[in-house]
Amino acid sequence: MKISLSWLKEHLEFNFSAEDLAEKLGNLGFEVESIERKGPYFKGVVSAQILQIEKHPNADRLSVCQVTDGSDKFTIVCGAQNIAVGQKVPLAKVGADLPGGMKISRSKIRGVESSGMICSGKELGLGSENGGILVLDSKLDLGKDMSLALGEKTEILDVAILPNRPDCLSHLGLARELSWSLNIPLKPFKIPELASQGLPDWKISVASKEDCPVYVGRVFENLSVGPSPSWLVDRLGSVGIKSINNVVDVTNYILMDLGQPLHVFDADVLEGTEIFIRRACAGESLVALDDKKYDLNSDVLVIADKNSPQAIAGVMGGLSSAVLSKTKRVFLESASFNAALIRRTTQALRLKSESSYRFERGTDPELPEIASLKAAELILSLAGGKVSDAVSQKNIKRNPAIVTSAFQINQALGSDFKPADIEDVFLRLSGNGGSLERKEGKDGFFSLAAPSYRLDIESRADLAEEVARVLGYQKIPVHYPKISFPPARKTGSAARVDLLSRRLKETGFFEAYNYDFISLADFELCGAKTAKGVRLKNPLSEDMTILRPTLLTGLLRNAQYNFNHGNFSFRLFEKGAGFYDGRENQLLSGIAVGKFPEIYWKKERSAENDFYGVLGALVDSFSGFELDCFPLDPDPEDPDLDSSRIRALFHPKKTVEFRFKGKVVGLCGLLHPQSAARWDISPQQREGVFIFEFNLSLLKKLPSPASFKPLSEFPAAWRDISVVLAEEIPYSSVLRAIQESAVSGLKRVELVDIFSGENIEKGFKSLTLRMTFSLNDRTITDKEVETFLAKILESLKKIGAALRS
């Protein structure tokens with residue numbers, strides 16, 4: 001928020017500089033982001049009059065002007081288009097110093113000597129737009145020092161106000177904060193008294209006191225709406241607000257001065273003499289002051305006449321009831337609205353304003369009446385006319401009293417502030433509408449009710465924070481905690497993800513990060529059912545309207561980006577959450593394209609990514625997780641993993657599924673050519689794009705950590721056996737059965753041959769296995785080998801495998 005130093009001094013008397021004020025505000029938790037000087041910070045500029053204008057002989061867009069300051073004449077080359085003979089203008093003479101370190105000197109411009117410069121408001125540091133030279137009042141005497149004639153000098157502080165301190169979003173609010181915290185007296189604030197002028201009262205109807213706790217209205221008649229006086233234009237301009245007209249400017253002035261948003265309606269446009277504060281009805285809409293149409297619903301609070309909405313409450317007024325130069329009758333609104341309701345409205349309509357910025361953070365419920373009186377006084381003084389008595393409805397909830405003691409405050413802060421100092425802070429804080437009482441029967445305890453504008457003070461902790469801010473955080477002694485923090489242990493799911501990520505990186509994959517939100521178009525491209533997706537009620541953009549059901553959408557977009565930028569070889573993976581059918585799953589997905597590795601010092605070692613290369617990387621990465629690999633079931637009875645949402649992405653004949661204890665936990669295969677076409681992947685690339693996705697939520701344990709044993713010094717023995725088993729039993733199940741036999745002397749198992757056909761029953765296959773046995777303490781005997789083989793065959797019987805005869 002922009003704060004004018006001179007404006008601030010109207011509420012608080014102080015002598016420190018803008019830099020000192022910035023430091024004091026910083027100590028109180030209000031960061032000053034910048035300090036800017038505005039006003040006549042220049043020397044050597046006087047009022048002058050244009051006597052003659054001629055076209056520059058060597059430049060189409062320049063003019064040669066003859067100018068006088070009342071005593072001398074000057075030739076000035078000027079590029080402004082709004083100059084005219086007879087105008088009075090600011091003339092910077094040779095030797096003048098302008099803001100920004102600019103010094104005026106005599107110079108030739110395209111062959112014509114210029115003895116000075118006719119200035120714009122921006123060049124003089126007055127904050128005006130640089131749309132041409134500054135035209136002065138025709139009654140101004142010539143030769144007058146413009147540093148004395150053009151308003152006041154001031155410094156503008158850009159102060160960052162925290163969201164919990166909306167009471168400081170005004171000059172009075174910040175002055176009040178400095179007053180009580182620095183113990184500087186606040187200047188008396190006079191509340192105007194307006195006598196009734198006999199105008200008929202209007203009625204107001206508030207549908208819900210929760211939506212609108214306070215509403216104050218006044219009607220003005222016989223107004224003369226026109227330009228604002230220079231002091232008001234300059235005052236608003238100093239804080240970045242453009243002047244509109246004297247009535248609207250008053251509402252903006254009160255906003256920046258007191259912090260209370262106001263709004264004025266053209267009363268002649270309103271139907272009837274009753275104002276309705278209600279929720280919008282279905283089908284209603286409003287064209288706001290920004291000339292945009294907004295469709296409204298029952299979640300939006302509106303200000304309406306008897307026929308239709310005229311304003312979005314707390315946000316922006318309607319264009320049809322705007323106060324213009326022809327307006328004669330005005331209805332002035334001053335209110336307090338439900339902060340959460342206004343916040344939801346601004347988010348739903350994507351419409352924000354200076355008013356909504358304050359209302360959505362909370363405003364002082366006591367302020368609307370005072371602000372209405374102050375605004376009425378200013379409007380009458382600037383636009384004339386008459387004003388009615390106020391019509392209002394109020395449902396003000398007072399801040400509850402907080403009971404605490406100096407001991408409890410010190411205990412909360414870890415400080416040793418004196419009780420008298422803490423009581424002094426309480427006394428100052430309770431001023432301007434609060435109260436402080438000693439609790440009878442409780443020695444050292446106080447009951448403090450904060451002023452109505454301090455919406456942030458709700459508990460003892462808030463009071464402790466105020467004490468620390470005022471007395472100084474630097475005065476709180478440092479006490480290091482006397483506790484030990486054991487190293488954090490990762491949960492099973494986090495450990496699984498970390499292990500798999502590390503293994504995939506070791507096989508040449510790079511990790512990708514994408515947003516959880518995707519577009520509806522991408523959602524449909526992956527083949528998922530829209531009805532089962534999780535949509536956002538208030539998306540940031542059309543590209544982020546729904547939560548992703550799979551991580552493959554982001555990876556395919558990454559692939560598109562790489563292809564478009566000339567990279568055709570990469571391996572990417574991503575870990576994260578997928579959302580589908582009311583569930584959130586931890587997923588691990590990947591994509592592999594082109595050569596791997598892309599560049600190798602021996603070219604023959606660089607090969608295209610193929611199905612078995614990607615499959616091998618996954619088998620290595622998931623080693624120890626007890627997964628079985630099967631061809632893709634084209635018509636599963638119970639599609640685990642909600643794999644129906646992504647099956648359309650995979651080629652049905654070049655895809656395998658990974659199962660854990662019979663449940664499908666992952667798919668790996670070639671990207672379906674039809675899906676590749678939908679994702680705008682060129683035909684040349686479609687045969688080499690491999691994808692995979694695993695549901696890690698279905699994996700419940702980590703593989704056992706690898707253990708190392710010394711190599712045996714004694715000779716080993718090996719045996720070949722052939723076993724017959726059903727075709728659908730994968731080799732991984734055979735290995736697992738052998739491992740479960742717990743034969744200590746078994747060192748290695750190799751698959752030598754797979755056979756089916758003659759002498760093998762239909763539906764069965766024969767596996768020839770070579771087993772290596774060894775002992776660490778002696779040479780193994782044939783009898784021991786036979787014993788080990790017997791145990792292994794017994795274990796293989798559990799999966800239906802028998803020794804081939």
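The values are calculated or read from the model by the stated rules, or taken from the named source; none is laboratory data. Source: prediction; values computed, not measured. Cβ placement follows ideal geometry from the backbone for every residue including glycine, while neighbour counts extend to all protein chains displayed. For accessibility, only protein heavy atoms count, side chains too; no ligands or nucleic acids. Shrake-Rupley method; radii C 1.70, N 1.55, O 1.52, S 1.80 Å.
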State the three equivalent ellipsoid semi-axes of region 717-803, derived from the C-alpha gyration tensor as the square roots of 5 times its eigenvalues, in descending order and whole Å.
25, 13, 10
Just how far, in whole angstrom, is region 258-336 from region 386-465 if you go by their alpha carbon centroids?
37 Å
Just the C-alpha atoms of region 203-394: what Rg/Rh do they give, with Rh taken as the Kirkwood radius?
0.93
Accessible solvent surface per residue of the chain, calculated while the other protein chains remain in place, 1.4 angstrom probe, Å²
51 Å²
Using 1/(1 + (r/R0)^6) with R0 = 41 angstrom and r between the beta carbons of Met102 and Ala160, what's the FRET efficiency to the nearest 0.05?
0.85
DSSP loop GluC sites (Glu not before Pro) in region 227-305 with at most 13 other Cβ atoms within 10 Å of their Cβ, which ones?
Glu271
Checking region 1-41 for GluC sites (Glu not before Pro) in a loop per DSSP with at most 16 other beta-carbon atoms within 10 Å yields Glu10, Glu13
Length gained when the stretch Val85-Ile191 is fully extended (0.36 nm per residue, less Cα-Cα span)
33.4 nm
Largest-first principal axis extents of the Cα set of region 111-164 (Å)
58, 31, 16
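Mind running the shape call on region 441-538? Use the C-alpha gyration tensor, a ≥ b ≥ c as the square roots of the eigenvalues: rounded below 1.5 for a/c, prolate if a/b tops b/c, oblate otherwise.
Taking the square roots of the gyration eigenvalues as a ≥ b ≥ c, region 441-538 is oblate.
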Any chance you could list P(r) for region 642-717, counting all Cα-Cα pairs in 5 angstrom bins from zero, rounded to whole %?
3, 13, 19, 14, 11, 9, 7, 8, 7, 4, 4, 2, 0
Looking at this model, which pairs from Lys701/Lys798; Lys2/Lys139; Lys122/Lys190; Lys55/Lys139; Lys701/Lys765; Lys139/Lys292 are more than 30 angstrom apart at the alpha-carbon?
Lys2/Lys139; Lys122/Lys190; Lys701/Lys765; Lys139/Lys292
Taking 0.36 nm per residue of sequence separation and subtracting the Cα-Cα distance, how much length would be gained by fully extending the chain between Glu221 and Gln560, in nm to one decimal?
115.5 nm
Fraction of accessible area attributable to carbon and sulfur, the chain (%, probe 1.4 Å):
50 percent
Using alpha carbons only, how many angstrom separate the centre of region 176-213 from the centre of region 131-166?
29 Å
Treating the angle as unsigned and between 0 and 90°, give the value, to the nearest 10°, between the Cα long axis of helix 611-621 and the longest Cα principal axis of the chain.
80 degrees
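Compute the Rg to Rh ratio over region 43-150 from the alpha carbon atoms, using the Kirkwood formula for Rh, and round to two decimal places.
Here Rg/Rh amounts to 0.93.
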Tilt relative to the chain, helix 731-740 - C-alpha long axis, 0 to 90 degrees, to 10:
80 degrees
I need the P(r) histogram for region 401-475: all alpha carbon pairs, bin width 10 Å from 0 out to the longest distance, whole percents.
20, 59, 21, 0
Just to check, using Stokes-Einstein with a Kirkwood Rh over alpha carbon pairs, what's the diffusion coefficient of region 93-195 at 20 °C and 1.002 mPa s in µm²/s?
116 µm²/s
What is the ratio of the Cα radius of gyration of region 482-610 to 2.2 N^0.38 Å, where N is its residue count, to two decimals?
1.31
Cα→Cβ-extended label distance, 7 Å offset, between Asp498 and His479, nm
3.4 nm
Among 488-497, 350-359, how do they line up from the highest to the lowest mean number of other beta-carbon atoms within 10 Å?
350-359, 488-497
Helix 419-429 axis, angle to the chain major axis (alpha carbon atoms, nearest 10°):
70 degrees
Ile396 label point, 7 Å along Cα→Cβ, cut-off 17 Å on backbone N: hits in region 261-284?
261
What is the distance in Å between the Cα centres of region 505-528 and region 68-107?
63 Å
Which of these values of semi-axes √(5λ) of the Cα gyration tensor in Å was calculated from the structure shown: (i) 76, 37, 30; (ii) 53, 36, 26; (iii) 45, 40, 33?
(i)
Are there any chymotrypsin sites (Phe, Trp or Tyr not before Pro) in region 663-727 that are in a DSSP loop and have at most 14 other Cβ atoms within 10 Å? List them by number.
Phe708
Taking the alpha-carbon set of region 492-698, what are its Rg and Dmax in Å?
16.4, 55
